[in-house]
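Novice: Please find one structure pasted underneath; my questions will follow.
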Amino acid sequence: MKKILVTGGTGQIGGAIVRLSRDRGFIADAPQRLKFDLCNPQSISSLLANNDYSALINCAAYTSVDKAESEQELAFRINCEAPSVLAKETGRLGIPLIHVSTDYVFDGTKPGPYTENDDVNPLGIYGRSKAEGEAAVRHYNPKHAIVRTAWVVSAGEGNFLDTMLRLAKERDELNIVNDQQGCPSSAIDIASALLHIAANLDGRSGTWHFVNGGEATWHDLARYIFDRMATMGKRTPQLNAISSAEYPTLAKRPQNSRLCTAAFENDFAMTPRNWRLAVDDILSARLK
Ligand SMILES: NC(=O)c1ccc[n+]([C@@H]2O[C@H](COP(=O)([O-])OP(=O)(O)OC[C@H]3O[C@@H](n4cnc5c(N)ncnc54)[C@H](OP(=O)(O)O)[C@@H]3O)[C@@H](O)[C@H]2O)c1
């Protein structure tokens, strides 16, 4: 089995990679932050030198979108400077770097789904730090795959779906934004796509979009979750649709976060399933 190095193994996507890797023919090493801190990325060289990795999948990131507005230096250190070091070191050793990025590199003004050829124009610090991280990866390692995804949900804590499950218990009524569009995407499905890319990159490099199929607003996603919960006899709150203007956040979100997956589907012969099926699986795991 081929060995891969995975950063962010305690996170949603990295954790899913660790869980899936054996079934997909990989042995995943996922050092915890104590052993490999992206604030000290130079230590990657000893990790890489002492092992025979077929790829590095970088899932670790500074992901607090609102906090990034006041922690700009830290966000850039983790999302831009660290990937730049990872790219230099993997590039020097000829190891492919698979780097996870985000819909937040776009400004959301495009009427349709974003393709890999669309210009980036991030609205906030998090998006800027990720866009510059992508540029560094492209610059320093010719063997790269930058994989943008969006609206990640999982059976773990701290994502939108988890928040809805918690609030369903606590609240009688909920206001959810209905004017941002995106593609809800399961961490497991993203991990599966990343491992598929690791197995089939075959010397190619580039940027690809991977999200689950279909599209939704946050309100649509909440509606779907609560409808499914109701069929399982669970308590659900009344759901109201509001605008982004009625739910101000420190960082501005793109109105349109939809990502086109045609290039990924064509290049890797894999079709993402609809987000509703992915959400069904997570709800079954959480509510059984
Ligand atoms: N979540 C989304 O909706 C979303 C949407 C689009 C793209 N993405 C991208 O997808 C990737 C993974 O996101 P996710 O949702 O899986 O992230 P997550 O659940 O927030 O996990 C982040 C991971 O990064 C690690 N990390 C943070 N700072 C670190 C540091 N200084 N040194 C080492 N590790 C550090 C965390 O480790 P600790 O456990 O030690 O904190 C954790 O394992 C990121 O590139 C993100 O930009 C996410």
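No value in this document is a laboratory result; all are computed from the given coordinates. The structure presented is a predicted model; accordingly, all values stated were derived computationally and were not measured. Note: ideal-geometry Cβ built from the backbone for every residue, glycine included; neighbour counts use all protein chains shown.
Novice: Chymotrypsin sites (Phe, Trp or Tyr not before Pro) within the stretch 35-71: which are DSSP loop residues with at most 10 other Cβ atoms inside 10 Å?
Specialist: Here no chymotrypsin sites (Phe, Trp or Tyr not before Pro) fit, given the DSSP loop and packing criteria.
Novice: In terms of Cα to Cα distance under 22 Å, which lysines are near enough to K67, apart from those fewer than 8 places away along the same chain?
Specialist: K130, K252
Novice: Oh, and also: Residues in the stretch 179-223, backbone N under 17 Å from the label point at N51 (7 Å along the Cα-to-beta-carbon vector): list them, ranges by number please.
Specialist: 195, 198-199, by backbone N distance to the label point.
Novice: Along each of the three principal axes of the Cα atoms of the stretch 1-84, give the extent in whole Å, ordering the values from largest to smallest.
Specialist: Its Cα atoms span 43, 25, 20 Å along the three principal axes.
Novice: Could you give the alpha-carbon Rg of the chain over 2.2 N^0.38 Å, rounded to two decimals?
Specialist: 0.99
Novice: Determine which aspartates and glutamates satisfy two conditions relative to K88: a Cα distance under 18 Å, and not lying fewer than 8 residues away in the same chain.
Specialist: The qualifying aspartates and glutamates are D37, D52, E132, E134.
Novice: Can you give the angle from 0 to 90° between the axis of helix 187-200 and the longest principal axis of the chain, with both taken from C-alpha atoms, to the nearest 10?
Specialist: The answer is roughly 30 degrees.
Novice: Turning to a different aspect of this structure: Full extension from L277 to D66: what is 0.36 nm times the residue separation minus their Cα-Cα distance, to one decimal in nm?
Specialist: Going from the current span to full extension adds 73.0 nm.
Novice: Expected output is a single nm value to one decimal: the length gained when fully extending between K288 and N121, i.e. 0.36 nm times separation in residues minus the C-alpha distance. What is it?
Specialist: Numbers: separation 167, 0.36 × 167 = 60.12 nm, distance 4.19 nm.
Here the segment from K288 to N121 would lengthen by 55.9 nm.
Novice: With a Cα-only, solvent-free Debye model of the stretch 55-132, what are the log10 I(q)/I(0) values at q = 0.20, 0.24, 0.27 Å⁻¹?
Specialist: One equal scatterer on each Cα of the stretch 55-132 leads to -0.89, -1.09, -1.20.
Novice: Amide H of A55 versus every other amide H placed in the peptide plane: which residues, excluding those fewer than 5 positions away on the same chain, fall under 5 Å?
Specialist: For A55, whose amide H was placed from the backbone, the distant partners under 5 Å are L5.
Novice: Still on this model: Can you run the Rg to Rh ratio on the stretch 140-288? Use alpha carbon positions and the Kirkwood inverse-distance Rh.
Specialist: 1.02
Novice: Moving to a separate point now. Which lysines, if any, have their Cα less than 23 Å from the Cα of K288, not counting same-chain residues under 8 positions apart?
Specialist: K169, K234
Novice: Let me ask another. What area, in nm² and to one decimal, does the C-alpha convex hull of the stretch 239-288 cast on average over all directions?
Specialist: Over all viewing directions, the stretch 239-288 projects a mean Cα-hull area of 6.1 nm².
Novice: Sort 104-113, 91-100, 231-240 by the packing proxy (mean of other Cβ within 10 Å over each peptide's residues), most packed first.
Specialist: Values: 104-113: 17.7, 91-100: 20.3, 231-240: 12.8.
Going by the mean number of other Cβ atoms within 10 Å, highest first, we get 91-100, 104-113, 231-240.
Novice: Please say if the stretch 62-105 is rounded, prolate or oblate, where rounded means a/c under 1.5 for a ≥ b ≥ c the square roots of the C-alpha gyration tensor eigenvalues, and otherwise the choice is prolate for a/b larger than b/c and oblate otherwise? Intermediate values should be presented prior to the final figure.
Specialist: Working: a/c = 4.43, a/b = 2.03, b/c = 2.18.
Because a/c hits 1.5 or more and a/b fails to exceed b/c, the stretch 62-105 counts as oblate.
Novice: Also: Mind listing which trypsin sites (Lys or Arg not before Pro) in the stretch 15-52 are in a DSSP loop and have 12 or fewer other Cβ atoms within 10 Å?
Specialist: Hits after loop and neighbour filter: K35.
Novice: Now, a different point. With r defined as the distance between the Cβ atoms of R22 and L74 and R0 fixed at 35 Å, what FRET efficiency is calculated, to the nearest 0.05?
Specialist: 0.55
Novice: Given labels modelled 7 Å from the Cα in the Cβ direction, how far is it in nm from T231 to Q42?
Specialist: 5.6
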